[in-house]
Each structure stands twice: as C-alpha cells, then as structure tokens.
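To keep things clear, I will list the structure first and then write my remarks on it.
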Amino acid sequence: MSEVKIRRALLSVSDKSGLAELGKALAGRGVELVSTGGTARALRDAGLEVRDVSDLTGFPEMMDGRVKTLHPMVHGGLLAVRDNPEHAAAMAEHAIGAIDLVVVNLYPFEATVAKGADRDTIIENIDIGGPSMVRSAAKNHAYVTIVTDPADYDGLLGELDANDGATTTEFRKLMAARAFAQTAAYDAMISQWFAFADQQEMFPEMLAVNGRRVTELRYGENPHQRAALYTPVGPHAKGIAQGEQVQGKALSYNNYNDADAALELCAEFRGQGPSVVIVKHANPCGVAQADTLLDAWKGALACDDVSAFGGIVAVNQTLDGPTAEAICEIFTEVVVAPDADDAARAAFAKKKNLRLLLTGDLPDPRRGGLQVKPITGGLLVQTRDNGAISEADLKVVTKRAPTEQELKDCLFAWTVARHVKSNAIVYAKDGVTAGIGAGQMNRRDSSRIAAMKAAEAAEKFGWAKPRTAGSAVASDAFFPFADGLLAAAEAGATAIIQPGGSIRDEDVIAAADEAGLAMVFTGMRHFRH
C-alpha cells in the first residue's frame, strides 16, 4: 500500500508540547482520537472528543498505569498486515479495529536521571508500553504511521494535506527509521544507567554507544571524507559541541577536533590566572599564563608564531578587547572562550570568517568517563586520562633538588606535556612554554625540535638567548636513554620532570647529576596518541 488514509490515531505522550494543536488538526480532518491517561485529559481540556484506550480494550488502566496499552486490541490494530486474509479474518473475528497513526514519546528517563532522582523513581520512568507501541507501529510501517518527536508534527500535517489525509510509503519509512533510532537510544540510556550507575561496572559485557546528530559537516578530515557532529544521548560533559558560535563560517571537522584539544588543555587552568593556549593540528604550539590575557597571548604566540598561523586559540576567562585585537593581527581559525566582552566581539566582527565560540564554562579536566577508539574489527575502550599529580607527589631523584621556581616551571610544563602527542617534550619558564616537540618516534628528536623552535624564536625576536636557558623540561614518558635528557641540557634546561620507570633510570639520573640538573619523577605517564 503506497498511501494509507489516517482514520484512527492513538496518542500517548509524555511531552505534551504541541499536543493540543495536533489533536485539533487531526480531529479537523475527521480522525478518531484514542488516548490514555494524562494525554487524554490534555486533549479533552483542549475541547476534543477522545476515546479512552480502556474503552477500546475492555480493560481499565491498572497497576498505577503500568498496564494500559499492552493488549491485543491495541497491538493487533498496529501489527495486522491489512491485505493478508488471515490477519483480516483475525481482526474481524476479535473486533480489532485498525490503528493508522501512533503518536508516542517516552517517559523522561534521561531527565529523571539528570535531576538526581532516587532509584525507585528512575525505575518508574522506564517506559514499557510506549516503546512497545512504537516498535509495533514502526515494524508495520507499510500500513501504520509512527511519530515520536513533536518536531515532526508539522511534517505529519503537511503530509496529510498533500495526500488528501493519507501518508505515503516514503514518509512512513522515514518516521519508522526515526522511531527505531529513538527506541534504540532510549534502551541504550537505560542499559548505561544500569551498568555504570546501578551496577558500578566500568566495562559492561555489552557497551551501548549512541549519539544524536547535531549537524552534517562540509567534509571530514579531508575533502573526500564525509562527516557529522553528534552529541551523546544521556548525561555528558559540556564542551565545544555545546558552545555558542557567535560569528564566522560553519566549523569544520578539523576545527572541532582542534578546538576540543585547545579547550581540554585550557581547562587545566580553570580558576587560575589569565591563560592562553594556541593549538595547531591538535597539538599545542604555545601556552602561557600572565597577569593579563594580552600578556599571556604574547607569551604563547612567541613560543612558535609560525605554527600559530591558522591555529586555534583558547582562553580561560572572559576575552577582552585588547587581547581580541592582538589575536586579529594574525590569521586565526577559531577562538574559544567562556565569554567575550563587547569590545572583543566588536574586534572579531571585523574578521567575518573567524569563528568565535563561547562555552560558558570550562569542563572539569579531572572528570571521569570512557574514551572509545575504533580499530579494525573492534573498539578500544579506556577511562579518560584524568590522573593528576601535585608538588607533594614528586620524587626528587638527583643530588640537586629543584628550586621553588623550577618546581613551578616543571608542573606547568608537565600540564602542557600531557596534551601533546607522544613523544612529547615541553620546555617552560616563568609560566610560558619555551619550546614544544610533538609526535616524534623518539624522545631525543622531540627534545631537539623543541629546542630548535626556541632558538628560532630568540633569533626572530632578538632575545639574548633562547627561553630554554634556565627552563624546566617535561617528558610525557620516561627517558629510555640519557640522550633525550642531554639534548635538553644542551638547550639550557636546568630541571627535568618525567614519570621515571625505565630499566635505565639509574643511567639517566647519573647523567642528570653530571650535568648539574635537578630531576623529579612523577610516577605517572601521559602517552597521547
């Protein structure tokens, strides 16, 4: 059957938005309305004639409304194959009337969990009858139209107007696809709650991963790839995906990826003094803290102003006009901030292609959660790298202990290094990165690249010596040999922070002592791939 005339509709919704208008529109087209509980009351309050489901089934609602639509008079009317003689005979024998349209949305399980309800209340908000009707109607979409989202009410009415009160096969197929997606996401939320919250499992036997599409992107990482942005269904942290884009072109796949990297690093400095992060290809190329955002921007930019061109900037507090004006002096793809004052917005308005993204807050860098990485034939799942160390956790392993300033520089460099792709080496001095070496296959080359960038910056800006002189250097993992450490010493570093744990730790410590370096072990590694 291509077109199915809508003569009887069953409505049972938790979200009553648009219900009265829909009911009136259906009734105005001669559709019989059948409903339950609060939905029936809302329709009657709108002055509409409604038939109770209990009248249809011959059974009253019972058990606090848990049992009302789970009945052959309902599901027979939904599942019957209309042009099958045996099905038609069964309908006639048992006086089962066909139901042509089902409008259902489900108990607010997600909202109930989000508001911190107790276990009994959460369980009570697991819908049973609703998903059953949705699945029955969606399975039998050759004959039944299912609508699960108030946002589709206008589309339904437009479909009826265009087809003399009927729906087409294509429309019913579309609605069925959306319905099954919704019940799948709903069940996934429930299974996640049982696994993670109720049973306190870290890695359940079955892992349900689901998301809601926000938008399709122009392309993926490369122009020949397709891409879209999804947000998780269920409780989740707020970040780039929820940010308000004030201006600029639509964000690309790479913009989202890089902006997320910038935000995650910037979040390490939430609640601290003015901080600026510059990211390129998901790696920080300059990070600084200072008395003002403008000074922090200047410090971060001077670390590697070549890589900063076309990069992503993130700040940890409300963006001001002078800083925005300075950022506008170079080509910048995206600026991320909790907020921006009027002067900053006016400055960026002159750069129509620059994207300004306001997050309202910074995420908790120590939050929990799982990360999922597809591999061929499987999924790798791990907990977020939310481990943290403080000054009290550091173990001095060299003859010379670091000074108070060296300790501060070590911790700052360590904070940045955990956000740099491995092998990662970060030089820092006085709250500013002096050089960053990222993504090399050996630690020595990362050290040399970071030092080279620092030397180039000194030559460009006319400094007497590179910022690596007297700096602290952080390594995301242990030095397997002394060569990486010696490369740092050659660049002028005086203090080292690293996890330790190599079978050659004693050799590395001896090399540090010989070079007069202070070195501390964290006991925690931060590989990033």
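Among the conditions (1) among the hydrophobic types (A, V, I, L, M, F, W, C); (2) modelled with pLDDT of 95 or more; (3) open to solvent by 60 Å² or more (accessible area, probe 1.4 Å), the only one that I436 does not satisfy is (3).
Residue check: D361 meets all listed conditions (1) of a type outside the set (F, W, Y); (2) open to solvent by 80 Å² or more (accessible area, probe 1.4 Å); (3) in contact with a Cys (Cβ under 7 Å, 6 or more places away or on another chain); (4) within 30 Å of V209 (Cβ to Cβ) but one, namely (3). Is it the case that some residue within segment 221-231 is open to solvent by less than 80 Å² (accessible area, probe 1.4 Å) and more than 18 Å from the chain's Cα centre (by Cα)? Yes, that holds for at least one residue. A single entry from A469, A428, A454 fulfils the requirement of being surrounded by fewer than 24 Cβ atoms within 10 Å (Cβ to Cβ) and either in contact with a Ser or Thr (Cβ under 7 Å, 6 or more places away or on another chain) or modelled with pLDDT of 95 or more (or both): A469. Pairs meeting the criteria (first residue in segment 22-35 and in contact (Cβ under 8 Å) with a residue 40 or more places away in the chain, second residue surrounded by fewer than 19 Cβ atoms within 10 Å (Cβ to Cβ) and part of a helix (DSSP H, G or I), beta carbons under 6 Å, at least 6 apart or on different chains) are L22/Y153; A25/L157.
I'd like the full set of residues that are open to solvent by less than 10 Å² (accessible area, probe 1.4 Å) and either farther than 19 Å from D505 by Cβ or at pLDDT below 90 (or both), limited to segment 473-483.
Within segment 473-483, F479 is the sole residue that qualifies.
Conditions (1) open to solvent by 70 Å² or more (accessible area, probe 1.4 Å); (2) among the small types (G, A, S); (3) over 22 Å from V287 (Cα atoms), marked per residue:
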| position | (1), (2), (3) |
| --- | --- |
| A464 | yes, yes, no |
| A489 | no, yes, no |
| I497 | no, no, no |
| S502 | no, yes, yes |
| D507 | yes, no, yes |
| R528 | yes, no, no |
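Of everything in segment 13-41, what is within 21 Å of F109 (Cβ to Cβ) and in a helix (DSSP H, G or I)? Give them in sequence order. Within segment 13-41, L19, G37, G38, T39 meet the criteria. Restricting the search to helices (runs of 4 or more DSSP H) fully inside segment 75-143 and requiring at least 2 residues that are surrounded by fewer than 17 Cβ atoms within 10 Å (Cβ to Cβ) and charged (D, E, K, R) gives 85-93, 119-124.
The values are calculated or read from the model by the stated rules, or taken from the named source; none is laboratory data. Computed from a predicted structure; not experimentally measured. FYI the Cβ positions are ideal-geometry reconstructions off the backbone, even for glycines, and counts take in every protein chain you see. For the accessible areas, the whole protein counts, side chains as well, though only heavy atoms, and no ligand, DNA or RNA atoms are used. Shrake-Rupley method; radii C 1.70, N 1.55, O 1.52, S 1.80 Å.
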